[in-house]
Amino acid sequence: MSTQDNREKDPNQVETTGHVWDGNLQEYNNPLPRWWLWGFYATIVFAVVYWLIYPAWPIGDSFTKGFNTITFEQGGEERTMHWNTRALLAKDMQTGTYAVRQREMLDQVAAQDYETILQDAESMSFVNAYAQGSFGTWCAACHQVGGAGVVGQYPNLRNDHWKWGGTVEQIEETLHQGRLGYMPGYRDTLDGDQLNQVAAYVLSLNDYSVDQEEADAGERIFTGTDGGCFQCHAMDAQGLASQGAPNLTNDLWGLVDVRGAESDSERQRLVANFIRNGAQREMPAFGDRLSDAEIKMLTAYVHSLGGGQ
Ligand code: HEC
Ligand code: HEC
C-alpha cells in the first residue's frame, strides 16, 4: 500500500536532492525555516560576545578572564577583579540595596532600647527576619529550629517559663555570659521513701493525683533542712531566677518528662529518679562570639518567642 502512496505523490511538488535509491526512494530537500536559521546565527554571535566579556575558555591551568571587571572593597582597599561570582557577592554585600538597607536597620535597632524595639512593628519585623537566621546558625543545634528545645536536654524557649528569668535584661545576660544550671543529686542524702515523698509533693503542686500522706511528708522535706529544696526553688516552689532553679508549680517540665508518663506511678518514679540524680547543664556564653547588636537582636527575638516578661 505504501508503494502505491509513494507513486501517487507528485515528486515535483517538493524539491529533492536528486538522489534516487531502490528506484523510487528520494530525499526531500527542505530548507530550514528562516526564523530558525537567524536564531541559530544569533546564538553564535551571543557566544562570541559572551566569551569576550566573561570568563570562558580554559587555557592550560588558567582561563580567559573576559573584559568585564568588578570593583569592591577588601581590607579597606579598593580591589578590581575580572568578573566572577565571588567578587560579585562581595560587592553585593557591600553596596547591594538589600545589604545597605540591612546595615541601616541593624544600626537603627542597635541604637534603640528594648522597649522601643519591642513596640515598633518595623524594628520587630527586622529583628525576626535577622534573628531567625542567626538563631539557625548559633542556637538551633541545641534549642532546635524554632526554639522548642528537647525535654531533659535543652530548654524550650517558646513558652513563658524561664529558669533564668524572662526580662530582656535577664535574657541578654543569659546569652552574653552563658549559664550553668546545677541541681545536686540526692542519692546520698535521701532514701528511696523520702525521694518518693518529695516527688509526690512536687507533683501535688501541679494537681496530679498523689498519696496525700506521702505528699505531706514530702513538703516537710522540701521546706526543711532534710531536702533544703527551698534554698533554690523557693518556699513556694516557684523557683529562683538567680539559681536557674525552675518554677515547679506551673506544670511546664523542662527536665523530667512528666507529661510523657503514662501512669501516676511512672510519673512519681521519673521525678524521684531525677531528684536522686540531680542535673547539670550548660548554656554556652556568646559574648565573645557575637557583637552586642547581634545579641540584642537575638534577645528581642527569644523574648518575643516565649512572650517574655
Ligand atoms: C550547646 C548547646 C546550646 C547552644 C548552642 C545554645 N544553648 Fe541556650 N541553653 C542550653 C542549655 C543546656 C540551657 C539550660 C542551662 C541551664 O540548665 O540552666 C540553655 C539555656 C538558654 C536560655 C535560658 C532559658 C531559661 O529558661 O531561662 C536561653 C534564653 C537560651 N539558652 C538561649 C540561647 C540562644 C539565643 C542561643 C544561640 C545564641 C543558645 N541558647 C545556644 C544549651 C545551648
Ligand atoms: C542548689 C540548688 C537546687 C537545690 C538545692 C534543688 N534544686 Fe531542683 N533544680 C535546680 C536547678 C538549677 C534545676 C534545673 C537544672 C537545669 O536546668 O539543668 C532544678 C530542677 C528541678 C526539677 C526539674 C523540673 C523540670 O522542669 O523538669 C525538679 C523536679 C526539682 N528540681 C526538684 C527539686 C527537689 C524536690 C529538691 C529538693 C530535694 C531540689 N530540686 C533541690 C536547683 C536546685
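Looking only at the range 232-241, decide whether some residue is out of contact with any strand residue (DSSP E or B) (no Cβ under 6 Å at 6 or more places or on another chain), crowded, with 20+ Cβ neighbours inside 10 Å and not in a loop (DSSP other than H, G, I, E, B).
No, that holds for no residue.
If you check Leu252, Leu248, which single one turns out to be at pLDDT below 95 and either under 35 Å from the mean Cα position of the chain (by Cα) or part of a loop (DSSP other than H, G, I, E, B) (or both)? Spell out the reasoning first.
Numbers: Leu248 fails: at pLDDT below 95.
The match here is Leu252.
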### Task
Kindly check whether there is at least one residue in the range 175-184 that is out of contact with any Pro (no Cβ under 7 Å at 6 or more places or on another chain) and away from ligand 1 (no atom under 12 Å from the Cβ).
yes
### Query
Going through the range 248-267 one residue at a time, which ones are touching a residue at least 60 places away in the same chain (Cβ under 8 Å), more than 7 Å from ligand 2 (Cβ to nearest atom) and open to solvent by less than 40 Å² (accessible area, probe 1.4 Å)?
Arg267
### Query
So which of Val127, Val145, Val151 ends up being of a type in the set (A, V, I, L, M) and within 20 Å of Asp257 (Cα to Cα)?
Val151
### Query
Would a scan of the range 145-167 turn up a residue that is at pLDDT 90 or above, β-branched (Val, Ile, Thr), within 7 Å of ligand 1 (Cβ to nearest atom) and within 25 Å of Val109 (Cα to Cα)?
no
## Note on the structure
Picked from the range 37-78 (must be open to solvent by 100 Å² or more (accessible area, probe 1.4 Å) and under 26 Å from Met93 (Cα atoms)), the residue modelled with the highest pLDDT is Phe67
### Query
Picking from Asp207, Asp193, which residue would you name as being surrounded by fewer than 20 Cβ atoms within 10 Å (Cβ to Cβ) and in a loop (DSSP other than H, G, I, E, B)?
Asp207
### Message
Condition first: aliphatic (A, V, I, L, M), surrounded by 12 or more Cβ atoms within 10 Å (Cβ to Cβ) and farther than 16 Å from Glu294 by Cβ. Now tell me which residues in the range 100-123 satisfy that.
### Response
Val100, Leu118
### Query
Before we move on, is Phe222 at pLDDT 95 or above and over 27 Å from the mean Cα position of the chain (by Cα)?
yes
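Based on what the data block shows, is Ala217 open to solvent by less than 40 Å² (accessible area, probe 1.4 Å), more than 10 Å from ligand 2 (Cβ to nearest atom) and more than 19 Å from Arg281 (Cβ to Cβ)? Spell out how you get there, then give the answer.
On the way: open to solvent by less than 40 Å² (accessible area, probe 1.4 Å): yes; more than 10 Å from ligand 2 (Cβ to nearest atom): yes; more than 19 Å from Arg281 (Cβ to Cβ): yes.
Judged against the criteria, Ala217 is a match.
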### Query
If the Cβ limit is 8 Å and pairs must be 6+ apart or interchain, which residue in the range 289-308 that is in a helix (DSSP H, G or I) pairs with which residue that is among the basic types (Lys, Arg)?
Leu305/Arg158
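Among the residues of the range 140-187 satisfying the criterion of being of a type in the set (Val, Ile, Thr) and open to solvent by less than 40 Å² (accessible area, probe 1.4 Å), which is farthest from Pro246 (Cα to Cα)? It would help to see each step written out before you state the result.
At the first step, the residues of the range 140-187 found to be of a type in the set (Val, Ile, Thr) are 145, 150-151, 167-168, 171, 174.
Remaining after also requiring open to solvent by less than 40 Å² (accessible area, probe 1.4 Å): 168, 171, 174.
Numbers: Val168: 18, Ile171: 15, Thr174: 15 Å.
Checking each candidate, the answer is Val168.
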#### Entry: Matching entry among Ala241, Ala217, Ala234 (being closer than 24 Å to Gly165 by Cα, over 34 Å from the mean Cα position of the chain (by Cα) and among the small types (Gly, Ala, Ser))
Ala234
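The values are calculated or read from the model by the stated rules, or taken from the named source; none is laboratory data. This is a predicted model, so every value here is computed, not measured. Cβ coordinates were reconstructed from backbone atoms using ideal geometry, including for glycine residues, and neighbour counts include every protein chain displayed. Just so you know, the surface numbers come from the protein's heavy atoms only, side chains and all, with ligands and any DNA or RNA stripped out. Shrake-Rupley method; radii C 1.70, N 1.55, O 1.52, S 1.80 Å.
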